[in-house]
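Dropping a structure here in structure tokens format, bear with me for questions.
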């Protein structure tokens, strides 16, 4: 492997379709009351609006996590930062971007979640893979919540 092709960061993207209009799906992520019903099993405090800090609490990782909202562009995009381990940023944070793309005349929404970035080390890979699992679970839970009103995570971690 030449130096120009050396792996310098670890990032991932997950995506899926939700059979609801873009604004409705965006709102299910931005609204702490809805987010608490299907994702943040310990509760979400604060709406995802630009230049704010909110907290997310998870039953599987107790303790409220501070989440900085870098950008919020309803109904298409939300960007957050939160603490990570073995990250590439000097601040020790990762950046997660949620993109909401209307599909089929806005009867469905393609949700894409990208998080970056970690160091290309064993610890960095462990944390990236763990978060990838978490965002994949969030995306599945979002779909089931928005389409059917079911909390897929209820009892999943406890």
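Hey, got the Cα dimensions of segment 54-105 along the principal axes, in Å, largest first?
Principal-axis extents of the Cα atoms in segment 54-105, largest first: 40, 28, 16 Å.
Assuming R0 = 30 Å, what is the FRET efficiency of residue 65 and residue 5, from their Cβ-Cβ distance, to the nearest 0.05?
Between residue 65 and residue 5 the formula returns 0.30.
Further question: Between 126, 143, 93, which gets the highest mean-square fluctuation from a Gaussian network model of the chain, Cα cutoff 10 Å?
126
Run the numbers for residue 85 and residue 112: contour at 0.36 nm per residue of separation, minus the present Cα-Cα distance, in nm.
Full extension from residue 85 to residue 112 adds 7.4 nm.
When the helix-only estimate is applied to the chain (DSSP H runs of n ≥ 4, each -39,500 (n - 2.57), divided by the residue count), what is the mean residue ellipticity at 222 nm, nearest 500 deg cm²/dmol? Mind showing how you got there, number by number?
Working: 3 runs with 43 residues, N = 158.
For the chain, the value works out to -9000 deg cm²/dmol.
Taking Cα pairs under 8 Å and at least six residues apart, what relative contact order does the chain come out at, in percent?
Normalised by residue count, the contact order of the chain is 29 percent.
If you line up the long axis of helix 122-148 against the longest principal axis of the chain, both from Cα atoms, how many degrees apart are they, to the nearest 10?
10 degrees
Moving on. Compute the Kirkwood hydrodynamic radius of segment 1-116, taking the inverse of the mean of 1/r over all pairs of distinct Cα atoms, and give it in Å to one decimal.
Its Kirkwood hydrodynamic radius stands at 15.3 Å.
Which of 96, 107, 136 moves most in a GNM of the chain, Cα contacts under 10 Å?
Fluctuation is largest for 107.
Using Cα springs under 10 Å in a Gaussian network model of the chain, which residue among 89, 117, 36 shows the largest mean-square fluctuation?
Largest GNM mean-square fluctuation: 89.
Here, each number is a calculation from the coordinates, and none is a lab measurement. Just so we're clear, the structure is a prediction, and the values are computed from it rather than from any experiment. Neighbour counts run over all protein chains shown; Cβ positions are idealised from the backbone, glycine included.
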